Amino acid sequence: MKQKIDFIIDRACISDAAAVFYIEKECFSLPWSETQVEEEIKKENVIFLVAKGDDCILGYVSGQMILDEFYISNIAVTEKYRGFGIASALLEKLIIEIEKQPCAFATLEVRYSNDTARKLYEKFGFINLGTRKDFYSHPKEDACIYTLYISENEVNHL
């Protein structure tokens, strides 16, 4: 069993972009550039959170509010720090932040084969609503569309 580590979750700032870019390269086949990360952090309609511990960025989550819908762009934890509950803590904090806004739902796509991520989303109440055929490339794969209804009115329309 892994030892517990201490970390905090905070809003990302421009000085975090290089570390986030490093995690992007480690975790994704088509990573955002450092400039793209910086631009995302600067946007007003974006929530960009980082987990900080051991004097470094351990993981992050980001997404943007469009009207009353929140689109989660990425969530990633550097390989060395997986299994410590960082992704869960990031997602929990993100949901708390989303709930402060007039938001109907949060949604995201995840690789069909990413069972770990899918279980994480389901743990937080996200529902698999369908598939986007060949959504990912390098390698080509379908995406599952997961949605978490925030507004009670949205749940009643299902």
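Would you indicate which of (1) 1.15; (2) 1.61; (3) 1.02 is the value of Cα Rg over 2.2 N^0.38 Å derived from the coordinates of this structure?
(3)
Taking every DSSP beta bridge with both residues inside the chain, roughly what % is antiparallel (nearest 5)?
Looking only at bridges with both residues in the chain, the antiparallel portion is about 90 percent.
Using a 10 Å cut-off on Cβ atoms, rank the peptides 30-40, 54-64, 126-136 from the highest mean neighbour count down.
54-64, 30-40, 126-136
For the pair Ile145 and Val46, how long in nm is the line joining their label points, each one 7 Å along Cα→Cβ?
Distance between label points: 2.4 nm.
Summarise the accessible area of the chain (1.4 Å probe, protein heavy atoms) by the percent that is carbon and sulfur.
With neighbouring chains kept in place, the figure for the chain is 50 percent.
Per residue, what accessible area does the chain have, given a 1.4 Å probe and all protein chains present, in Å²?
Each residue of the chain exposes 58 Å² on average to a 1.4 Å probe.
How much length is gained if the chain between Glu92 and Asp68 is pulled fully straight, taking 0.36 nm per residue apart and subtracting their Cα-Cα distance, in nm to one decimal?
The Glu92-Asp68 span can extend by a further 6.7 nm.
May I ask you to rank Phe28, Phe48, Phe105 by accessible area, largest first, using a 1.4 Å probe over the protein chains only?
Highest to lowest solvent-accessible surface, that is Phe28, Phe105, Phe48.
Using alpha-carbon pairs under 8 Å, 6+ residues apart, how would you state the relative contact order of the stretch 69-154 in percent?
Result for the stretch 69-154 is 32 percent.
Can you give the calculated 222 nm mean residue ellipticity of the chain, where each DSSP H run of n ≥ 4 adds -39,500 (n - 2.57) and the sum is split over every residue, rounded to the nearest 500 deg cm²/dmol?
-9000 deg cm²/dmol
Under 5 Å between amide H atoms, partner at least 5 residues away or on a different chain: which partners does Ile5 have, H built in plane at 1.01 Å?
Amide H neighbours of Ile5, under 5 Å, 5+ apart: none.
Bin width 10 Å, origin at 0, all Cα-Cα pairs of the stretch 85-143: what percent of pairs per bin?
Final binned percentages: 20, 47, 30, 4.
Determine ³J(HN,Hα), in whole Hz, for all residues of the stretch 127-143 in sequence, where each value follows from phi through the Karplus function 6.51 cos²θ - 1.76 cosθ + 1.60 and θ = phi - 60°; x replaces Gly and Pro.
Once rounded to whole Hz, the list reads 10, 7, 9, x, 10, 10, 5, 6, 5, 9, 10, 6, x, 5, 6, 6, 10.
Find how much the distance from Arg82 to Glu99 grows on full extension, using 0.36 nm per residue of separation minus their present alpha carbon separation; answer in nm with one decimal.
3.5 nm
The values are calculated or read from the model by the stated rules, or taken from the named source; none is laboratory data. Since the structure is predicted, the reported quantities are computational estimates derived from the model, not experimental observations. Cβ: placed from backbone, ideal geometry, glycine included. Neighbour counts: every protein chain shown. Surface accessibility is based on the protein's heavy atoms, side chains included, excluding ligands, DNA and RNA. Shrake-Rupley method; radii C 1.70, N 1.55, O 1.52, S 1.80 Å.
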